[in-house]
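Coordinate-derived values only; no laboratory data. Since the structure is predicted, the reported quantities are computational estimates derived from the model, not experimental observations. With ideal geometry, Cβ positions are generated from the backbone for all residues, glycine too; neighbour counts draw on all protein chains shown.
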Amino acid sequence: MFDCHCHILPGIDDGSKNVEMSLAMLDLEVRQGVEGIIFTPHFYADMNSPSTFLRRRENAVRELEANLSRLPQVPDYILGAEVHYFRGMSRSDGIESLCIGNSNYILIEMPFRNWQPQFIDEIEEISDVLGLRVIIAHIERYLDQDKKLVKRLLDNPNLLIQCNAEFFIERTQRNAISLMKTGRIDLLGSDSHNLSSRRPNLADAVQIMQKKDKKRALDHIERVSRRIFEAAM
Ligand SMILES: [Fe+2]
């Protein structure tokens, strides 16, 4: 099991507040059977340049790593970012440096305001012109956007689609299962921010998928996750 979206690094965004919380979150991940984690702190272009963000991320990782020996078991981890959409991002300097590890996969959070066709154009340019493999973060949050635009994303075979575990756990479970049936869920994430309201919860989602007999879909998610980890190392 791989957690491809989380805010476990300490003190860098609205996720884990300190090393203690990060360690407890990591411990919870391991107990749930998570073997690999992509750390994806929020990146907002209007708050940080990529280089400032990377420096801050490095500091957070160093602080965490200095304490990892306190855990009985540490999962594999790689560094990424949850890059919030901004206009012109496909032509902005340093966007490649926000990819996951050494790979060309990049996790992008779409805007929450009403989608315009230009948003999708921009994503397609990141993929087609820059040659980056775009992962759309928590697609379930956008399913009430303009259906045609959502379909454009889902129909684009070059894009990967990530869902949060809560999509399967909450009342939206039926929608999650029907999206899963289309074979369009490539990656799962806990999007965990803390130990209370948004805690690591991947195992609960996987359990529900197993109960619904979605082994093929789970195998696909596992395969894609491993591919990213291998490319990122
Ligand atoms: Fe997130």
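How would segment 29-130 be classified by its alpha-carbon gyration tensor: rounded, prolate or oblate, with rounded meaning a/c under 1.5 and the a/b versus b/c comparison settling the rest?
Numbers: a/c = 2.44, a/b = 1.93, b/c = 1.26.
Prolate, because a/c is 1.5 or more and a/b exceeds b/c.
Looking only at Cα atoms, what is the convex hull volume of the chain per residue, in Å³? Don't skip to the answer; put the middle values down first.
Numbers: hull volume 26.8 nm³, N = 233.
Here the figure is 115 Å³ per residue.
Can you list the trypsin sites (Lys or Arg not before Pro) in segment 110-213 that are in a DSSP coil and have 16 or fewer other beta carbons within 10 angstrom? Please list the in-between numbers first.
Details: sites: Arg113, Arg133, Arg141, Lys147, Lys148, Lys151, Arg152, Arg171, Arg174, Lys181, Arg184, Arg198, Lys211, Lys212; in loops: Arg113, Arg171, Arg184, Arg198, Lys212.
Sparse-neighbourhood loop trypsin sites (Lys or Arg not before Pro): Arg113, Arg171, Lys212.
Which whole-number percent gives the relative contact order of segment 2-232, counting Cα pairs below 8 Å spaced six or more residues apart? Could you put the intermediate results ahead of the total?
Numbers: 405 pairs, mean separation 52.0, N = 231.
After rounding, I find 23 percent.
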request  = In whole Hz, with x marking every Gly and Pro, tabulate ³J(HN,Hα) for segment 141-158 from phi via Karplus 6.51 cos²θ - 1.76 cosθ + 1.60, θ = phi - 60°.
outcome  = 6, 10, 5, 9, 6, 3, 4, 5, 6, 4, 4, 4, 5, 5, 7, 7, x, 7
message = Compute the distance from the alpha-carbon center of segment 66-93 to that of segment 196-232, in whole Å.
response = 18 Å
ask   = Label points 7 Å out from Cα along the Cβ direction at Lys181 and Glu20: separation in nm?
value = 4.8 nm
key: Label point distance in nm, Arg174-Asp155, each placed 7 Å from Cα along Cα→Cβ   = 2.6 nm
remark   = One checks the Cα atoms of segment 167-227 and finds Rg and Dmax, in Å, of 11.6, 32
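As a test of the formula, what do you get for the chain when each DSSP H run with n ≥ 4 contributes -39,500 (n - 2.57) and the sum is divided by the residue count, at 222 nm and rounded to the nearest 500 deg cm²/dmol? Write out the running numbers ahead of the final one.
Values: 8 runs with 91 residues, N = 233.
Per the formula, -12000 deg cm²/dmol.
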task = Take the Cα of Met47, step 7 Å along the line toward its Cβ, and report every residue of segment 1-29 whose backbone nitrogen sits under 11 Å from that point.
result = 12-15
